[in-house]
Structures are given as C-alpha cells and as structure tokens.
Amino acid sequence: MPVAASAIYFLNLRGDVLINRLYRDDVGGNMVDAFRMHIMQTKELGTCPVRQIGGCSFFYMRISNVYVVIVVSSNANVACAFKFVVEAVSMFKSYFGGAFDEDAIRNNFVLIYELLD
C-alpha cells in the first residue's frame, strides 16, 4: 500500500533550504544533504525527476527558481506526489498573487507552513 510523503523541501537553486516540512519520522532531517550532494552537484537534474538514494526516493520539480523535493522512504505513488506538487504550487500562486519564486516563499513562509499542515 502506498504511503504519503515523509518530507517536503523547498530549495533555491544553490540547494539552500527555504522551507521544509517533515511529516513522518522515517527519514532524517538531513535528507536534503543527500539530494544536494547526489543530484544537484552532479548536474543530472534534467534526466529523471525520480531518484533513489540509499533507502529513500526523491521526487523533484523545478518551478521558476525553486526546487520542490518530496522524500519518501517506502512505496509511494509517484503520480500522486507530482499531482500534489502541481496543485500546491497552483494554490500558493493564487495566495501570492501569481508569483511562486524564492522571494514569494521567503515573504509568505508562515502561510506556507499553515497550508502544508
């Protein structure tokens, strides 16, 4: 049975965490370091948006200058994860007046945390 996301990260183009939300305790808070080291630094972002590193799967999308990364540690429905990201970004854009970029996230981080809860 597929499980929900263990964590969601919003990263800028350098790999700095703008916002993160850990939903389950089956992944550590340092999962973003694995993403940064194995995917962002190797410049293989365009090849496949789903990667397995260690025992975790990373699903990621780049939207303007932000990477949205979902981390799961077991079986997950990839289509549902990407659908969630698309719908969440659409909702954030409607709240932020049409913009979804690093500045919009920094200016509205409290609202994003409330919506992610």
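List the helices (runs of 4 or more DSSP H) that sit entirely inside the stretch 54-117 and contain at least 2 residues that are touching a Leu at 6+ places or on another chain (Cβ under 9 Å), open to solvent by less than 70 Å² (accessible area, probe 1.4 Å) and among the hydrophobic types (A, V, I, L, M, F, W, C).
Details: elements: 78-96, 102-107, 109-116.
The qualifying helices (runs of 4 or more DSSP H) are 78-96.
Annotation: of all residues in the stretch 12-33 being touching a residue at least 24 places away in the same chain (Cβ under 8 Å) and among the aliphatic types (A, V, I, L, M), the one that is nearest to TYR67 (Cα to Cα) is LEU13. When ARG51 is tested against the conditions (1) more than 17 Å from SER6 (Cβ to Cβ); (2) free of Cβ contacts under 8 Å to residues at least 60 places away in the same chain; (3) open to solvent by less than 80 Å² (accessible area, probe 1.4 Å); (4) charged (D, E, K, R), the lone failure is (1).
The values are calculated or read from the model by the stated rules, or taken from the named source; none is laboratory data. Treat the numbers as computed from the prediction; the structure is a model and nothing was measured. Cβ: placed from backbone, ideal geometry, glycine included. Neighbour counts: every protein chain shown. Areas reflect the complete protein model, heavy atoms only, side chains present, ligands, DNA and RNA absent. Shrake-Rupley method; radii C 1.70, N 1.55, O 1.52, S 1.80 Å.
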